[in-house]
1. Subtract the Cα-Cα distance of residue 123 and residue 33 from 0.36 nm times their separation in residues, and report this length gain in nm to one decimal.
2. Quick check on packing: order 131-137, 159-165 by the mean number of other C-beta atoms within 10 Å, highest mean leading.
3. Beta carbons within 10 angstrom, averaged per residue: use that to sort the peptides 35-41, 145-151, 177-183, highest first.
4. So, by mean Cβ neighbours within 10 angstrom, what's the order for 167-173, 71-77 with the highest one leading?
5. For region 25-182, report the translational diffusion coefficient in µm²/s to the nearest whole number, using Stokes-Einstein at 37 °C, 0.692 mPa s, and a Kirkwood Rh over Cα pairs.
Ligand SMILES: [Ca+2]
């Protein structure tokens with residue numbers, strides 16, 4: 001009886017030590033990525049939490065994911081119309097005013113029409129594209145934007161994943177695994 005109890009305590013202690021080790025291995029990556037919900041899923045369900053959706057009828061869940069992309073990605077159709085009304089998902093990066101050197105990465109692939117990733121500086125008066133990249137692969141590939149951004153007290157940095165522009169041909173771009181990290 002006593003041995004059994006000791007064994008149980010020992011197993012419990014080992015479990016605690018083991019789970020602490022696992023947490024330590026995972027935490028730095030989560031802490032460095034300033035994007036909330038970077039993989040478009042929560043507890044194995046598709047999720048757009050933390051992302052603002054423009055033209056939601058043309059923004060859909062996809063179960064086509066890159067390596068380590070979990071179970072879901074977001075598929076965004078191309079559409080006609082001005083850039084700000086095209087189907088897209090946007091999220092704000094929590095950054096203080098001042099100069100920041102950053103690296104943004106995202107996995108993406110397109111079909112027929114190329115989607116676009118835009119980093120925008122938004123303030124109460126206006127917004128403009130600070131950095132952007134067009135999706136150029138029809139197979140999953142990682143896209144990187146590295147630069148320095150300077151924000152005033154009223155500026156916020158927003159990331160937009162867009163399905164791109166089309167007049168006639170139907171097209172779509174799929175995105176997953178976004179990361180925004182401050183470097184240095
Ligand atoms: Ca995912």
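1. Stretched out fully, the residue 123 to residue 33 stretch lengthens by 30.1 nm.
2. 159-165, 131-137
3. 35-41, 177-183, 145-151
4. Averaged packing, sorted descending, gives the order 71-77, 167-173.
5. The Stokes-Einstein estimate is 207 µm²/s.
Rule-based calculations on the coordinates, nothing more; no lab input. Given the structure is predicted, the values throughout are model-derived calculations rather than measurements. Note: ideal-geometry Cβ built from the backbone for every residue, glycine included; neighbour counts use all protein chains shown.
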